[in-house]
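The values are calculated or read from the model by the stated rules, or taken from the named source; none is laboratory data. Only a predicted model underlies this, so the values are computations on that prediction, with no experimental measurement involved. Neighbour counts are summed over all protein chains in view; Cβ atoms, including those assigned to glycine, are modelled from backbone coordinates with ideal geometry.
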Amino acid sequence: MLAATRARAFTFWTVLMSLSQLLNDTSALLNDQNYSFIAKPQLTRWVNTARKNAAKRTGCIRRLITGQSAFGASAVAGSAIPTGMQPGALPWAFANSNTQVSTAGNNGDFNTDYNSDFNTLQYNNNYPINYSPNGPLPTAYGAVTNACMTIPGVERYPYQGFFNNFLKAQYAGTAYVYDAISCAVNWGGTTKPTLDWLPWDDFQAYCRAYSVLNMSYPAVWSVYNDGPTGEVWMFPVPSQYCQIDLDVSAAPIDLVTDADYDAIPDGFQEALKYGAAAVAFESTGRFAQAQVMEDRFADSLGIARVAVDRGKTPSYYRTSI
């Protein structure tokens, strides 16, 4: 399957395995090419289960949720860089990506329409980039609606409701964040340092020991809760709108048709049929065959256990904290 990823100046083609190919390969392993024993919709669900498991075990869907245009990764007419477009990156989604058009509400940061840039109403039904493919969705009160940025006076930024919206707006085929690897925040000028990380217990004990609001540029971050319900917390509390770069591991969307973009890289897709076949064999009580397929799944992914948290680096600028 050739999946087209469109930028404004060119089209980037990526060779991917389609849903039909995954179903054909899985049904062949089950010796059920006619779907006589396992219905095609059910097998599709198990293929998608295998895809989510592969993403969580390997962290193969790694994305940078950014409030700043990724240089060379968002083509603009007249300034395109061939092969610079990132596979799966959606057009018009990155901040500053349409600044050549000097009209209000153009999805870039440099327009003069304050109400299009900032969520001045709590329920103005704005999506992070001013449109929603799935219907109107309210964003956080006071949040910038067209770029991933901090909110003055707010220390908590959940995956659900905040970062997931920007993830799905910027990258095709992604469903939600389940782990954050590093966090960088702009300090109001040319500097955008990667913040120091603390485990939540230490963050609570030291950074949040004061009951008064301590506001400045964030220097430390932590993650509260595991998996998809995680929340990024920052200290000091941001005092102004600052661009955020969050390096994340993401889960893929379910494939329903061959037209759906698969965010799982090609090198990991060969393992998917084994993962889906393992679940299918287990559902019919054939546990020996299920174990064989599970082993093949793990071997193909190059791992032996589930690893949800990819780990954090305490500080990139000091040898110890």
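Which of the following residues is assigned to a loop (DSSP other than H, G, I, E, B) and either among the basic types (Lys, Arg) or surrounded by 19 or more Cβ atoms within 10 Å (Cβ to Cβ) (or both): Ala147, Ala169? Spell out how you get there, then give the answer.
Working: Ala169 fails: assigned to a loop (DSSP other than H, G, I, E, B).
The conditions single out Ala147.
Summed over segment 220-245, residues that are of a type in the set (A, V, I, L, M) and modelled with pLDDT under 95 total 2. On inspection, Leu301 does not qualify as at pLDDT 90 or above, surrounded by 19 or more Cβ atoms within 10 Å (Cβ to Cβ) and out of contact with any Phe, Trp or Tyr (no Cβ under 6 Å at 6 or more places or on another chain).
Can you find even one residue in segment 213-231 that is closer than 25 Å to Gly188 by Cα, part of a loop (DSSP other than H, G, I, E, B) and without any contact (Cβ under 8 Å) to a residue 12 or more places away in the chain? I'd like the intermediate steps shown before the answer.
Going residue by residue through segment 213-231, those that are closer than 25 Å to Gly188 by Cα are 213-223, 231.
Those left that are additionally part of a loop (DSSP other than H, G, I, E, B): 213-214, 217-219.
From what is left, the residues that are without any contact (Cβ under 8 Å) to a residue 12 or more places away in the chain are none.
No: zero hits.
Where in segment 245-307 are there helices (runs of 4 or more DSSP H), lying wholly inside it, with at least 2 residues that are of a type in the set (Asp, Glu)? Lay out the reasoning, then the answer.
Values: elements: 266-269, 272-283, 287-301.
It comes to 287-301.
In the set (1) in contact (Cβ under 8 Å) with a residue 12 or more places away in the chain; (2) within 19 Å of Pro236 (Cβ to Cβ), the condition left unmet by Tyr176 is number (2).
Taken over segment 172-191, the residue count meeting the criterion of being modelled with pLDDT of 90 or more and not in a strand (DSSP E or B) is 3. Just one of the listed residues (Ala250, Ala209) is of a type in the set (A, V, I, L, M) and either closer than 27 Å to Ala175 by Cβ or in contact with a Lys or Arg (Cβ under 8 Å, 6 or more places away or on another chain) (or both), and it is Ala250.
One line per residue, one yes/no per condition, for (1) at positive phi; (2) hydroxyl-bearing (Ser, Thr, Tyr); (3) free of Cβ contacts under 8 Å to residues at least 24 places away in the same chain:
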site	(1), (2), (3)
Val248	no, no, no
Val256	no, no, no
Asp295	no, no, yes
Ser315	no, yes, no
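Considering Val177, Val223, Val185, which residue is of a type outside the set (Ser, Thr, Tyr) and in contact with a helix residue (DSSP H, G or I) (Cβ under 6 Å, 6 or more places away or on another chain)?
On the way: Val223 fails: in contact with a helix residue (DSSP H, G or I) (Cβ under 6 Å, 6 or more places away or on another chain); Val185 fails: in contact with a helix residue (DSSP H, G or I) (Cβ under 6 Å, 6 or more places away or on another chain).
Of Val177, Val223, Val185, the one residue that is of a type outside the set (Ser, Thr, Tyr) and in contact with a helix residue (DSSP H, G or I) (Cβ under 6 Å, 6 or more places away or on another chain) is Val177.
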